[in-house]
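Structure first, commentary second.
The values are calculated or read from the model by the stated rules, or taken from the named source; none is laboratory data. Being a predicted model, the structure only gives us computed values, none of them experimental. Note: ideal-geometry Cβ built from the backbone for every residue, glycine included; neighbour counts use all protein chains shown. The accessibility values were calculated without ligands, DNA or RNA, using every heavy atom of the protein model including side chains. Shrake-Rupley method; radii C 1.70, N 1.55, O 1.52, S 1.80 Å.
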Amino acid sequence: MTTSKELGELITRDVELLSRVGWRSFVKHRRGRGDFSSLDNVNHPARRLLMNLKHRGAPVKFTTPPWTTEQIDKAIRRGPHKSCNEYIDFLDEEFIDMIRKGQWVILPASVAKTLVGLRVSPPGVVPQRDRRPRWICDYTWSGVNLETIRLAPKEAMQFGNCLDRVLREILLADPNYGPVFLNKTDLSDGFYRECLNPDDIPKLGVIYPSRQGQEEPFIALPLVLPMGWAESPPYFCAATETVADLANSRLQDPSHVPEEHHLDDVAHATPAENAVPTTHASTSAVSVPTERDPCLQHSSNKPLQYVDIFVDDFVSAAQRPFLRRVRRTLLRAIDDVFRPNDHLDSEHRRDPVSMKKLLKGDCSWSTVKLILGWIVDTVNMTIQLPPHRVERLWEILDSIPRRQKRTSVKKWHKVLGELRSMAIALPGSRNMFGRLQNALQLDASSRIALNKGVHQALDDFRWIAKDLTDRPTRIQEIVPLLPGAEGDHDASGAGAGGVWFPSDTLVPRGDWKANVPVVWRIEWPDWVRERLVSSDNPNGDITNSDLECAGGLIQLEALAQTFDIRERTVVSKGDNLNTTFWERKGSTTTDSVPAYLLRLFGLHQRFHRYVPRFDYIPGKSNLLADAFSRDFHLSWPELHSQLAHLFPQNTGYQVWTPPPQLISGILSALQRKQCARASVLVEPATPSPTGTSGKSSVMTWASTPFSKPSATKFPSFKSSSSLFVPETLQPTKIQSGLERLKITYGVLHRRTSPWVKQTRGPTQREASTSVSSA
């Protein structure tokens with residue numbers, strides 16, 4: 001048997017048509033009208049690019065000359081990835097469908113080799129949970145991706161921050177309008193909605209798996225953007241991001257009344273998926289606060305209407321009474337970019353909106369929704385892993401028993417990748433990766449040594465996994481807002497010290513006083529000084545950066561024990577760049593002191609439920625913390641007397657002393673020893689019943705630090721004592737002081753502006769360049 005009868009008939013049909021009309025006419029005949037709409041209603045800077053993609057298709061240009069016959073024959077002899085062997089029947093069925101839709105064609109190798117510019121890459125098949133397997137092309141193996149000239153707009157790929165933006169919109173929504181409702185609108189056929197330039201199609205050819213006894217190999221040629229090509233995501237996202245921009249701009253126009261849409265009626269009549277209950281019975285963290293962060297009272301004054309996009313999955317968030325307005329607006333925006341079916345279309349073409357997902361209830365509004373692999377509950381304001389991902393987490397952990405000493409590099413990369421994907425919304429877990437990542441550095445062979453430190457880190461993940469069901473993550477724990485406190489810390493060979501300036505929105509705990517700065521300091525034991533690296537002791541094994549990192553942890557404990565910072569954002573600043581990088585990244589790639597300390601940072605954050613932000617302060621401006629970490633010959637009153645001009649007026653100070661169990665844990669980390677989790681899980685005193693004493697600053701979006709580090713490099717700093725201004729540290733000034741931060745945080749913009757200000761299609765010069773036309 002060479003191939004299925006139906007597929008063979010389609011191949012024969014296409015060979016005959018190609019020989020009769022030629023390649024360009026053949027492609028035009030098979031693709032028909034394409035999937036773009038007229039684009040007449042697209043008032044967007046990307047319209048020119050979309051028009052170019054509609055009429056010309058996406059270009060494929062290379063930095064290398066065309067392949068020789070020898071290169072093509074070698075690629076054909078190599079064949080597809082072995083994963084295809086188990087799915088030949090599936091692939092035949094899949095390609096029959098894709099050929100009928102005008103998305104792919106299959107030609108005998110002898111025919112395909114007559115096409116100008118042919119290159120042949122190996123394909124593979126990726127199994128998927130609860131879904132059909134996915135055909136994907138390995139354009140990296142063949143060098144196609146490496147040699148592709150990048151003409152597609154990279155800025156169109158904004159999907160990496162989609163979940164963060166949606167969570168922030170949920171958090172900022174005004175609860176006076178009721179809970180936020182969510183829905184998902186999936187596009188069918190994804191990348192296959194956009195055509196390739198006809199002349200460039202042969203460059204993305206792939207070898208089709210052969211059956212036993214087949215006389216001649218087949219070459220599959222994509223008429224559309226294929227999965228696996230480096231330029232497919234940005235070209236496709238240019239269209240879907242434009243849809244999201246259109247929808248949001250129309251939603252912001254109070255006069256916009258979307259026309260009725262037949263799919264809106266279908267979705268309205270389809271019940272949403274069953275809600276998943278959320279529980280709050282954890283004993284591994286402090287209790288959930290009952291009061292809303294005061295800075296949120298100014299965040300919104302009208303019901304939420306918002307649309308975001310993750311590649312081809314639209315996520316909508318809205319409050320009553322605008323649920324149907326949001327859905328209709330999005331559906332109309334999709335129709336304005338990707339045309340809906342009409343009477344001229346083939347029976348094989350599917351509507352742009354996935355009817356299968358719609359009829360499952362994805363497009364129906366609900367306060368509990370599976371969004372991008374996470375269960376989001378907008379009533380309880382939580383985000384948690386769905387049951388199958390929790391099971392998968394345990395499968396990963398159980399697959400590496402504590403007695404196992406080695407594993408393969410391939411498996412370890414997979415373990416790290418899956419754990420990191422789950423760590424996005426598990427506060428504190430990103431700090432557990434230091435020693436897991438370090439395992440890759442220890443051995444360059446194909447096997448990874450699983451030492452004691454690796455298994456200790458996996459035990460921390462087991463501790464988190466046991467608590468996932470009873471402790472869903474609160475959205476407030478992962479979305480940074482205006483800071484509730486700002487503080488500085490420092491460390492020296494003598495000791496460490498710091499100061500916190502709380503805003504007037506923070507509630508003190510126990511007998512601590514509101515609006516009064518908190519100061520602390522600690523002297524290092526003699527053995528720490530003896531092991532400190534210096535010019536006189538170059539062989540020491542503790543660095544000043546290690547001590548700065550230790551001081552940063554004590555700094556956070558000082559605030560957690562004196563003020564109620566549950567689900568509040570706090571900004572801690574130090575004058576050591578190494579420490580600031582470690583704190584912001586949450587991990588290191590070496591089995592050094594910071595790896596042990598950062599683990600404690602993660603445990604501490606998870607237990608106390610705050611959102612930490614870390615920043616740099618030049619040394620000459622860090623005068624208070626510098627004095628506290630060095631001048632141990634002076635008493636607190638003497639220190640305050642000398643430094644009173646650096647404190648906000650009429651605030652005084654209050655002294656906090658680090659508890660012995662915390663210091664014991666930190667000293668163990670300085671010796672690269674794993675300490676018990678209990679050393680940093682100290683239950684704080686109950687918040688005082690006085691409540692907040694002031695008004696919150698207005699919530700401003702652009703200056704709000706975002707949870708992921710920015711790609712912006714650190715600027716060159718010039719230390720200056722003028723950067724420390726006591727007036728800006730008054731309790732009423734803390735929340736409005738984000739512009740003072742010296743490290744640029746990633747800015748999580750609202751989707752109020754187009755994804756690109758100006759865009760263009762490839763110029764004639766680019767299309768005709770001799771090198772790039774290969």
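Give all pairs with beta carbons closer than 9 Å in which a residue from the stretch 6-32 that is more than 24 Å from residue 55 (Cα to Cα) meets a residue that is surrounded by 13 or more Cβ atoms within 10 Å (Cβ to Cβ) and of a type in the set (Lys, Arg); count only pairs at least 6 apart in sequence or on separate chains.
10/100
Matching residues to (1) surrounded by 15 or more Cβ atoms within 10 Å (Cβ to Cβ); (2) touching a strand residue (DSSP E or B) at 6+ places or on another chain (Cβ under 8 Å); (3) of a type in the set (A, V, I, L, M):
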| residue | (1), (2), (3) |
| --- | --- |
| 384 | yes, yes, no |
| 407 | yes, yes, no |
| 412 | yes, yes, no |
| 427 | yes, yes, no |
| 446 | no, yes, no |
| 461 | yes, no, no |
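I'm trying to understand the selection: among the residues of the stretch 294-322, which are touching a Cys at 6+ places or on another chain (Cβ under 8 Å) and either free of Cβ contacts under 8 Å to residues at least 40 places away in the same chain or charged (D, E, K, R) (or both)?
Of everything in the stretch 294-322, just one residue is touching a Cys at 6+ places or on another chain (Cβ under 8 Å) and either free of Cβ contacts under 8 Å to residues at least 40 places away in the same chain or charged (D, E, K, R) (or both), namely 308.
Name the residue that is least open to solvent (accessible area, probe 1.4 Å), counting only residues in the stretch 389-404 that are in contact (Cβ under 8 Å) with a residue 40 or more places away in the chain and assigned to a loop (DSSP other than H, G, I, E, B).
Top of the filtered list is 400.
Filter the stretch 340-382 down to residues that are open to solvent by 20 Å² or more (accessible area, probe 1.4 Å) and among the acidic types (Asp, Glu), then give me how many there are.
4
Identify, from the list 189, 174, the residue that is open to solvent by 10 Å² or more (accessible area, probe 1.4 Å), at positive phi and not hydroxyl-bearing (Ser, Thr, Tyr).
Just a single option satisfies the conditions, and that option is 189.
Among the residues of the stretch 307-335, write down those that are open to solvent by 10 Å² or more (accessible area, probe 1.4 Å), touching a helix residue (DSSP H, G or I) at 6+ places or on another chain (Cβ under 6 Å) and closer than 17 Å to residue 241 by Cβ.
Residues satisfying the conditions are 310, 311, 312.
Against the conditions (1) surrounded by fewer than 22 Cβ atoms within 10 Å (Cβ to Cβ); (2) assigned to a helix (DSSP H, G or I), where does residue 602 fall short? Just the number, please.
Here residue 602 clears every test but (1).
Give the residues of the stretch 487-509 that are assigned to a loop (DSSP other than H, G, I, E, B) and within 20 Å of residue 640 (Cβ to Cβ), sorted by residue number.
Hits for the stretch 487-509 are 492, 494.
Based on what the data block shows, is residue 119 out of contact with any helix residue (DSSP H, G or I) (no Cβ under 8 Å at 6 or more places or on another chain) and either surrounded by fewer than 16 Cβ atoms within 10 Å (Cβ to Cβ) or under 18 Å from residue 59 (Cα atoms) (or both)?
No.
Can you find a residue that is among the hydroxyl-bearing types (Ser, Thr, Tyr) and closer than 17 Å to residue 221 by Cα anywhere in the stretch 20-41?
Checked against the condition, which is being among the hydroxyl-bearing types (Ser, Thr, Tyr) and closer than 17 Å to residue 221 by Cα, the stretch 20-41 yields at least one hit.
Being over 16 Å from residue 91 (Cα atoms) and crowded, with 21+ Cβ neighbours inside 10 Å is the requirement here; does residue 180 meet it?
For residue 180, the condition - over 16 Å from residue 91 (Cα atoms) and crowded, with 21+ Cβ neighbours inside 10 Å - is met.
Does the stretch 99-158 hold any residues that are more than 20 Å from residue 70 (Cβ to Cβ) and of a type in the set (D, E, K, R), and which are they?
100, 101, 129, 130, 131, 132, 134, 138, 150, 154, 155, listed by residue number.
If you scan the stretch 452-483, which residues turn out to be of a type in the set (D, E, K, R) and either part of a helix (DSSP H, G or I) or more than 15 Å from residue 423 (Cα to Cα) (or both)?
Matches in the stretch 452-483: 452, 459, 460, 462, 466, 470, 477.
Find the residue count for the stretch 231-255, including only residues that are touching a residue at least 24 places away in the same chain (Cβ under 8 Å), over 17 Å from residue 334 (Cβ atoms) and open to solvent by 30 Å² or more (accessible area, probe 1.4 Å).
Going through the stretch 231-255 one residue at a time, the tally reaches 2.
Would a scan of the stretch 486-498 turn up a residue that is crowded, with 22+ Cβ neighbours inside 10 Å and closer than 16 Å to residue 687 by Cα?
no
Under 6 Å between Cβ atoms, at least 6 apart or on separate chains: pull out the pairs that start in the stretch 366-379 with a residue that is closer than 15 Å to residue 421 by Cα and in contact (Cβ under 8 Å) with a residue 24 or more places away in the chain and end on any residue that is in a strand (DSSP E or B) and not aromatic (Phe, Trp, Tyr).
Pairs that qualify, where the first residue is closer than 15 Å to residue 421 by Cα and in contact (Cβ under 8 Å) with a residue 24 or more places away in the chain and the partner is in a strand (DSSP E or B) and not aromatic (Phe, Trp, Tyr), are 371/315; 374/383; 375/384.
Looking for something in contact (Cβ under 8 Å) with a residue 12 or more places away in the chain and in a strand (DSSP E or B) - is there at least one such residue anywhere in the stretch 536-546?
yes
One residue is enough: does the stretch 135-148 have a residue meeting the conditions open to solvent by 50 Å² or more (accessible area, probe 1.4 Å), assigned to a strand (DSSP E or B) and at pLDDT below 95?
Scanning the stretch 135-148, I find at least one residue that is open to solvent by 50 Å² or more (accessible area, probe 1.4 Å), assigned to a strand (DSSP E or B) and at pLDDT below 95, so the answer is yes.
For residues that are over 19 Å from residue 604 (Cβ atoms) and either touching a Lys or Arg at 6+ places or on another chain (Cβ under 7 Å) or buried (at least 21 other Cβ atoms within 10 Å of the Cβ) (or both), tally how many sit in the stretch 448-457.
Residues meeting the conditions: 6.
Being part of a strand (DSSP E or B) and open to solvent by 40 Å² or more (accessible area, probe 1.4 Å) is the filter here, so list the residues in the stretch 510-534 that pass it.
The answer is 521, 523.
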